[in-house]
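Visitor: Before I ask anything, here is the structure I am working with.
The values are calculated or read from the model by the stated rules, or taken from the named source; none is laboratory data. It should be emphasised that the depicted structure is a prediction, and the values quoted were computed from it without experimental measurement. Virtual Cβ from ideal backbone geometry, glycine too; neighbours counted across all protein chains shown.
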Amino acid sequence: MPDCSGLTPAFLLTVACMALATYLTRIAGWLVLRGRSVGPRLRRVLDASPGCVLLSVIAPSFASADLSELAPLAVAALAATRLGFLGTVLAGVLSAAFARQVLPLLLG
């Protein structure tokens, strides 16, 4: 059975606030842009937004000296040169899971 000791009220409140913020930005975008046509420049900005958000989530890992955080970043960076968005995310997530579960056992 997994250890759920990290599920503190503060953690759950943080996740709930992040979900609310995500919902509010989506609904605000819909309210602002409904009934308007989106030009090519704005379309490019909107298309780039998911990647920018993902980068802001993983950027703190770049400041780490821990191999289990740096190795998945290298894998994701390499995957980004060869694969699309979904393939890059999958490569990063799978390599992070491997690095966090297997590397400590090997380097033990």
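Visitor: Could you run through segment 49-70 and say how many residues are over 15 Å from the mean Cα position of the chain (by Cα) and surrounded by fewer than 10 Cβ atoms within 10 Å (Cβ to Cβ)?
Guide: Qualifying residue count, segment 49-70: 2.
Visitor: On to the next question. Hey, any hits in segment 79-87 for a residue that's free of Cβ contacts under 8 Å to residues at least 40 places away in the same chain, out of contact with any Ser or Thr (no Cβ under 6 Å at 6 or more places or on another chain), among the polar types (S, T, N, Q) and buried (at least 16 other Cβ atoms within 10 Å of the Cβ)?
Guide: Filtering segment 79-87 down to residues free of Cβ contacts under 8 Å to residues at least 40 places away in the same chain leaves 79-87.
The next check asks that each one be out of contact with any Ser or Thr (no Cβ under 6 Å at 6 or more places or on another chain); those that pass are 81-87.
Checking which are among the polar types (S, T, N, Q) leaves us with 81.
After this cut, where a residue has to be buried (at least 16 other Cβ atoms within 10 Å of the Cβ) as well, the list is none.
Checking segment 79-87: not a single residue is free of Cβ contacts under 8 Å to residues at least 40 places away in the same chain, out of contact with any Ser or Thr (no Cβ under 6 Å at 6 or more places or on another chain), among the polar types (S, T, N, Q) and buried (at least 16 other Cβ atoms within 10 Å of the Cβ).
Residues checked against (1) of a type outside the set (D, E, K, R); (2) assigned to a helix (DSSP H, G or I); (3) touching a residue at least 24 places away in the same chain (Cβ under 8 Å):
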site: Met18; (1), (2), (3): yes, yes, no
site: Thr25; (1), (2), (3): yes, yes, no
site: Leu31; (1), (2), (3): yes, yes, no
site: Ser37; (1), (2), (3): yes, no, no
site: Leu42; (1), (2), (3): yes, yes, no
site: Pro72; (1), (2), (3): yes, yes, yes
site: Val89; (1), (2), (3): yes, yes, yes
site: Arg100; (1), (2), (3): no, yes, yes
site: Pro104; (1), (2), (3): yes, yes, yes
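Visitor: What tally of residues in segment 65-84 results from selecting those that are modelled with pLDDT of 85 or more and either among the charged types (D, E, K, R) or over 22 Å from Pro104 (Cβ atoms) (or both)?
Guide: 8
Visitor: Look through Leu73, Leu46 and report the one residue that is surrounded by 11 or more Cβ atoms within 10 Å (Cβ to Cβ), aliphatic (A, V, I, L, M) and more than 30 Å from Gln101 (Cα to Cα). Please lay out each step first, then the result.
Guide: On the way: Leu73 fails: more than 30 Å from Gln101 (Cα to Cα).
Step by step, each of Leu73, Leu46 is checked, and only Leu46 is surrounded by 11 or more Cβ atoms within 10 Å (Cβ to Cβ), aliphatic (A, V, I, L, M) and more than 30 Å from Gln101 (Cα to Cα).
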